[in-house]
Every structure is written in C-alpha cells, then in structure tokens.
Amino acid sequence: MKCANLHGINDLRYEDIPKPECKDDQVLVQVKNCGICGSDIPRVYSKGTYYFPTVIGHEFSGKVVFDPMNELTGKKVAVFPLLPCFQCDSCKAGNYATCEHYDYYGSRRNGGMSEYIAVNRWNILPVPESVGYIEAAMCEPVSVARHAISKLNIKKGENLLISGAGPIGILAGQWAKAFGAENVYYFDVDPRKIDFCKKQGFLQYEKSVHIQCVLEGTGYADALSKCLEAIEPAGRMVLMGNPATEVCLSQNTYWHILRKELTVYGTWNSSYNSRQNDWAESLKAMADGLIDTKPLITHIFPLEDCNKAFEMMKNRTEFFNKVMLELGGEENA
Ligand SMILES: [Zn+2]
Ligand SMILES: [Zn+2]
C-alpha cells in the first residue's frame, strides 16, 4: 500500500509498505483524508519523529474495511490519535492527554498518511452520516480548539481575543460563538490571515475594544505580551500555542498578570473520556452545523503529492489555512 513515510529529517517518501496486520482489539481503516498539522512541518523538516521511518499524519478519517468483531465494518470513522498507557495517575483519572507514557499515531507509531492503518478499537469514533470524510478528518483540530475554549467558561456577551489565525484559532472562534461570545477578535502577524478571518465573520483586534477572555495560540512572547496588554482586569486567558523558542516577558508585561488579577490556564490536546469528550462533542457540532470546517480547507492534495503540499506549507509559497491530503480518489465523493 502507498504511504507518506518519513525516513529522516527532510526525507519524506511516497512509497509502498506492506499493509498492516489487524489484531483482535483493532479495526482496519481505509484512510480517506488526512490533514497536515502545523506540527507536521517541523516534524518533517527539523525535529523528526521518535524513530525512522514513521508514517506521519494524526488528523485522519476513513472507512472500516475489516473488523474482527464485525461491529464497525463499512462505518465512516474518525480516530483519536493518542494511545494512553492506562497505568499512570492521569490515565486512571481519564486525563489521557497528560499520560506519562503515551503512544501516538503519526509521531511515535505509524499514522494516517497511508492507504490503510490498523487502529485500536478504543480510539475509533463513528462519524454521523451528514459529516463527510474530509470534515471528519478535521475532528482533531476541532477537538483541540474546543478543549482550549472550554477552559475559559465564556459567558454570554463576553468578548474574546484570539492570537493566531491558523485553523485551530479560527475553529476556536467558532466554538466561542457557539458558547455565547459576543465578538471574537483576532490578531496575527500575517495580514492575509486577518483578511481570511474577516471573511469568516470575525473581527480584527483594535485597542479600543473590551476583552474579557483571551486565547493565545502562537507561543511567541510578542504575541503573549500583546494579549496581556489587551485583557481587562479579572480576565481569563488560556495558553495554547506551543513555543518554538524561549518565552521571555518584560517586568511591565508580567505585572499585567498580577495587577489585573488575571486567571491563566494551560491547555493540551483534548479530552476523550465520559466526563468530557471533546471528540464526540465536535462530531455532533459538525453534524448540527454549529462548527463549519469546510471554509477552512484551502488546499486538497492527493497523497502522492505529499511533498508538494509540505514544500508549499514550509516555504509559504501560497496562502493556506487547512491543507488536506486525499486518498482513494473518486471513491471519496
Ligand atoms: Zn494536529
Ligand atoms: Zn498513562
């Protein structure tokens, strides 16, 4: 079967590997779509995976083509990509995102940029009929955005500022509106991204507006400083952006946290348990039309053009928001 296999840094190959075996606690998924995550760019070009080669891709959907228990065969599914240890304290509490010894499709073991993948039954979510494969492949960023926004407990009428207008930033804006936010404002260093936000019905941040809640989605000190300046006293902020370098704040900026008595949350990945299941909620919201991922998908490449897609994203030769890979050709329609 064909796959996008990372053999080393800057060495992603579209090639044949053997079709995976399906164990008793797994189902065999024929992948239909796999999104390219922002984190896949450094994964391919600078950071690598935990071992080589690894088939990358953790944002995927597909059709179950073999189920040893014969329960899910033929079903459209999304996949929670994290494989918890089920032993540590976090796992025992159902907080799998903070598991100490987790495995992960697409970074620590073979992932979704592949015609077939054997997925543990525990990680499978059936997708509602009205949600397409390409939308189902957006379930990971939608869930990550939901997890972050739910930390803020947004009250009706409050304004939210989002720093960073990538796919998760825009999905977070959609969730905020769904949770009752009055206006969602953005800032981003790329003016094209701000224009894109405006087309989705969001606003560009200006100094005069009142901001009660903030989502920082870039991990850059400059952006964090701007967020801390913008927020009102007693405001809440959630930090989501994964920093690529040190994050240093000036004394004046740090004082905002103290003098305005801010509440600062962290967020990591998403919840996948019976108390809070961002994944099930995301699929439901997509089916109900509360979350619309389609306008975000600016590019679709066939899997064989994976290197073209990655180069375009790395070199920013075109404006993009969500870049999708498609497998299985016309069968998808
Ligand atoms: Zn991702
Ligand atoms: Zn664990």
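Tabulated data
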quantity: Residue order, fewest to most beta carbons within 10 Å, for ILE162, ILE9, ILE56; calculated: ILE9, ILE56, ILE162
quantity: Estimated FRET transfer efficiency (GLU304, LYS19; beta-carbon r; R0 22 Å; 0.05); calculated: 0.80
quantity: Neighbourhood net charge (15 Å Cβ-Cβ; Lys/Arg +1, Asp/Glu -1) for ASN252; calculated: +1
quantity: Local net charge near HIS7, Cβ-Cβ under 11 Å (Lys/Arg +1, Asp/Glu -1); calculated: -1
quantity: DSSP-loop GluC sites (Glu not before Pro) across the stretch 1-91, with at most 12 other Cβ within 10 angstrom; calculated: GLU21, GLU71
quantity: The stretch 205-333 shape via C-alpha gyration tensor axes, a/c threshold 1.5; calculated: prolate
quantity: Three-way shape call for the stretch 1-145 based on the alpha-carbon gyration tensor, with the a/c threshold at 1.5; calculated: rounded
quantity: Set LYS207/LYS308; LYS63/LYS284; LYS2/LYS92; LYS76/LYS177; LYS284/LYS322; LYS294/LYS314 screened for pairs whose C-alpha atoms are more than 30 Å apart; calculated: LYS207/LYS308; LYS2/LYS92
quantity: DSSP-loop trypsin sites (Lys or Arg not before Pro) across the stretch 246-311, with at most 16 other Cβ within 10 angstrom; calculated: LYS260, ARG275
quantity: Neighbour-count order for TRP175, TRP255, TRP279, fewest beta carbons within 10 angstrom listed first; calculated: TRP255, TRP279, TRP175
quantity: Percent RCO, i.e. relative contact order, over the stretch 169-305, from Cα pairs under 8 Å lying at least 6 residues apart; calculated: 19
quantity: Other-chain or far-sequence residues with amide H under 5 Å of ILE162's (modelled H); calculated: TYR185, TYR186, PHE187, LEU215
quantity: Under 12 Å, Cβ to Cβ, from CYS306 - net charge with Lys/Arg +1 and Asp/Glu -1; calculated: -3
quantity: The stretch 205-242: trypsin sites (Lys or Arg not before Pro) in DSSP coil with no more than 10 other Cβ atoms inside 10 Å; calculated: LYS207
quantity: Cα centre as origin, Lys/Arg/Asp/Glu Cβ charges: the chain dipole, Debye; calculated: 600
quantity: Relative contact order (%) - criterion: Cα under 8 Å, at least six apart; region: the chain; calculated: 18
quantity: Global form of the chain, assessed from the alpha-carbon gyration tensor, a/c cut-off 1.5; calculated: prolate
quantity: Pair LYS260, ILE41: separation of 7 Å Cα→Cβ label points (nm); calculated: 2.8
quantity: Mean-position separation - Cα centroids, the stretch 209-276 and the stretch 45-111, in angstrom; calculated: 29
quantity: DSSP beta bridge pairing in the chain, given as percent antiparallel to the nearest 5; calculated: 60
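No lab work stands behind these numbers, since they all come straight from the coordinates. Because the structure is predicted, anything quoted here is derived from the model rather than measured. Here the Cβ is made from the backbone with ideal geometry for all residues, glycine too, and neighbour counts use every protein chain on show.
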